[in-house]
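Structure first, commentary second.
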Amino acid sequence: MKYDVIIPVYNGVQKLERTIQSLLQQSSIASGQDSFSCLIVDGASTDGTIDLARSFQDPRIHVISEPDSGMYHALTKGLKRAQGDVCCYLPAGEFFEPSAFSTVSEIFTTHRDVHWLTGMNVLRNEKLQTINVFTPPAFKRKFFTKGLYGTRLHVVQQESTFWRTTLNELIDLERLAACRLAGDFFLWKCFAKQHELHVVSSILSGFTSEEGQLSGQIPGGYRKELKSLRDRPSVFEEIHAMVLREVYKHKRFDPRKSGAFYYDLDRKRWARG
């Protein structure tokens, strides 16, 4: 499969190489099973980001550098150019596990009904040490449009989420470009109108908690923007989500029983629980 990987960046010279190297080190890329096209969309950085990006001199890595209005404006530019089989995006500094593409490709190839997929939620500290990992419970499609994931319920980890490029047709790109903080939610809302989000019990990527991140620049800003984009949930849906949140706190999820994909050691393949 061919992957379109979009990296929105602005003044990320200290982080960008880590992200690019994680692409070059994918096991399925090295074996020739998969291929990729990486588009670095830079917002006219002034710290050497562009020089670093161009220093790779790799025909699979493309660079756009021009002023933009934020990360989701940059992301939109990349989505418009995506032509491969699978799409994803990473902020500069985050990175994929070496087996990420291999895992996603196996599931997308074997299960044609799976249109978007997310892995385990992984949290890292500023030293890149993993401090929390869990397999999220099955997602309910109707809760996406109501904005209940990331508010009442567990967040969808954007860095660990992949989708078939055909889903880009479902996105209102102008509205996405206007987002400042909750563009990931808007993407999920667009996808969920037609397709279920599936979970694989595997580490694909992760989120690194560091100072100066977009999500922490405006306290409460993410939720405020999310609520402006969602369809208002009913009181029953709010209560349902809160009950589920309490259930999830006290229940350890077995991927084999929750509907997630897990690796079957006996059959040596990814199986659906």
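Coordinate-derived values only; no laboratory data. Here the structure is a predicted model, which means the values were calculated and not measured. In this analysis, Cβ positions are derived from the backbone assuming ideal geometry, glycine residues included, and neighbour counts consider all displayed protein chains.
Computed quantities for the displayed model
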quantity: Packing-based exposure ordering (other Cβ within 10 Å, fewest first) of VAL114, VAL63; calculated: VAL63, VAL114
quantity: Around VAL243: net Lys/Arg minus Asp/Glu count, Cβ-Cβ under 14 Å; calculated: +2
quantity: GluC sites (Glu not before Pro) restricted to segment 54-142 and DSSP loop, no more than 11 other C-beta within 10 Å; calculated: GLU126
quantity: Beta bridges per DSSP with both ends in segment 2-272, % antiparallel, nearest 5; calculated: 35 percent
quantity: Ranking of MET242, MET1 by count of other Cβ atoms within 10 Å, fewest first; calculated: MET242, MET1
quantity: Helical mean residue ellipticity (222 nm; -39500 (n - 2.57) per DSSP H run of 4+; nearest 500) of the chain; calculated: -9000 deg cm²/dmol
quantity: Rel. contact order, % - alpha carbon contacts under 8 angstrom, at least six apart, segment 2-272; calculated: 21 percent
quantity: Under the Karplus curve 6.51 cos²θ - 1.76 cosθ + 1.60, θ = phi - 60°, whole-Hz ³J(HN,Hα) for segment 151-160, x wherever Gly or Pro sits; calculated: 10, 7, 10, 4, 7, 7, 6, 4, 5, 9
quantity: Low-density loop cleavage sites - trypsin sites (Lys or Arg not before Pro) in segment 90-143, where at most 12 other Cβ are within 10 Å (DSSP); calculated: ARG112, LYS127
quantity: Whole-percent pair-distance distribution, where bins are 5 Å wide, for the alpha carbons of the chain; calculated: 1, 6, 12, 17, 20, 18, 14, 8, 4, 1, 0
quantity: Cut-off under 5 Å, modelled amide H: who pairs with LYS2 long-range; calculated: SER35, ASP85, VAL86
